[in-house]
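Quick notes on the structure that follows.
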Amino acid sequence: MRIDDNEGVSASSKHLVFAYYVTGHGFGHATRIVEVVRHLIAAGHDVHVVIGAPDFVFTSEIQSPRLKIRKVLLDCGAVQADALTVDRLASLEKYVETAVIPRAEILETEVEWLHSIKADFVVSDVVPVACRAAADAGIRSVCVTNFR
């Protein structure tokens, strides 16, 4: 995408295919990413969102054939006892179960999928396996999150 100082964001001269991996921790990340995805689609690009959250988080806001949703939980997020308390041990145990033990199989599946959609770029909010899969597939990647 090109940014023009006087014009804001303008459409890229090249159509791109983005694979956007979204953390499975709550809907907050997904609802903020909707705006990024909306702008990518408005610029003429295809966006494949990989997420464990329900489709409606995106499809209620964006109605476009350029939006594809792939339901896969690749990041379990944090286990919380309540809205403010993270159970660190349970979070680590769930992460090991979800992403560490099956890592080789996950990477193989993701590399295959990235090639199948002909992805040009991977964006991750911040799903740990996404950038490794992109590197293995020979695709550029970036991590973007809403925390400072």
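The values are calculated or read from the model by the stated rules, or taken from the named source; none is laboratory data. Because the structure is predicted, anything quoted here is derived from the model rather than measured. Note that each Cβ is placed from the backbone with ideal geometry, even for glycine, and that neighbours are counted across all protein chains shown. Note: accessible area is taken over every heavy atom of the protein model, side chains too, but ligands, DNA and RNA are not part of it. Shrake-Rupley method; radii C 1.70, N 1.55, O 1.52, S 1.80 Å.
Any chance you could count how many residues in the stretch 123-143 are surrounded by 14 or more Cβ atoms within 10 Å (Cβ to Cβ), of a type outside the set (Gly, Ala, Ser) and closer than 18 Å to residue 32 by Cβ? So the answer is 5.
Could you please find all residues in the stretch 45-67 being in a loop (DSSP other than H, G, I, E, B), out of contact with any Lys or Arg (no Cβ under 6 Å at 6 or more places or on another chain) and either under 16 Å from residue 32 (Cβ atoms) or open to solvent by 20 Å² or more (accessible area, probe 1.4 Å) (or both)?
52, 53, 54, 55, 60, 61, 63, 64, 65, 66
Looking only at the stretch 122-148, residues that are over 18 Å from residue 23 (Cβ atoms) and among the hydrophobic types (A, V, I, L, M, F, W, C) come to 3 in all.
Of all residues in the stretch 1-26, those being more than 16 Å from residue 120 (Cα to Cα) and at pLDDT 75 or above number 2.
Does the stretch 116-126 contain at least one residue that is within 17 Å of residue 72 (Cβ to Cβ) and part of a helix (DSSP H, G or I)? Spell out the reasoning first.
We begin by selecting, within the stretch 116-126, every residue within 17 Å of residue 72 (Cβ to Cβ); these are 116-117, 119, 122-126.
Checking the rest, the ones that are also part of a helix (DSSP H, G or I) come to 116.
Yes, the conditions are met somewhere in the stretch 116-126.
Do you know which residues across the stretch 18-44 are surrounded by 20 or more Cβ atoms within 10 Å (Cβ to Cβ), touching a Ser or Thr at 6+ places or on another chain (Cβ under 6 Å) and farther than 14 Å from residue 72 by Cα? Residue satisfying the conditions is 29 alone.
State all residues of the stretch 69-114 that are among the basic types (Lys, Arg), open to solvent by less than 90 Å² (accessible area, probe 1.4 Å) and either touching a strand residue (DSSP E or B) at 6+ places or on another chain (Cβ under 7 Å) or not in a helix (DSSP H, G or I) (or both); if no residue qualifies, say none. Walk me through how you get there before you give the answer.
Step one: filter the stretch 69-114 for residues among the basic types (Lys, Arg), giving 70-71, 88, 94, 103.
Imposing the further condition that a residue be open to solvent by less than 90 Å² (accessible area, probe 1.4 Å) reduces the set to 70, 94, 103.
Answer for the stretch 69-114, where residues must be among the basic types (Lys, Arg), open to solvent by less than 90 Å² (accessible area, probe 1.4 Å) and either touching a strand residue (DSSP E or B) at 6+ places or on another chain (Cβ under 7 Å) or not in a helix (DSSP H, G or I) (or both): just 70.
A search for C-beta distances below 7 Å between a residue of the stretch 27-43 that is touching a residue at least 40 places away in the same chain (Cβ under 8 Å) and any residue that is among the hydroxyl-bearing types (Ser, Thr, Tyr) and loosely packed, with under 15 Cβ neighbours inside 10 Å, counting only pairs 6+ apart in sequence or on different chains, returns 43/12.
Among the conditions (1) within 17 Å of residue 73 (Cβ to Cβ); (2) among the hydrophobic types (A, V, I, L, M, F, W, C); (3) at pLDDT below 95, residue 86 misses just one, which is (1).
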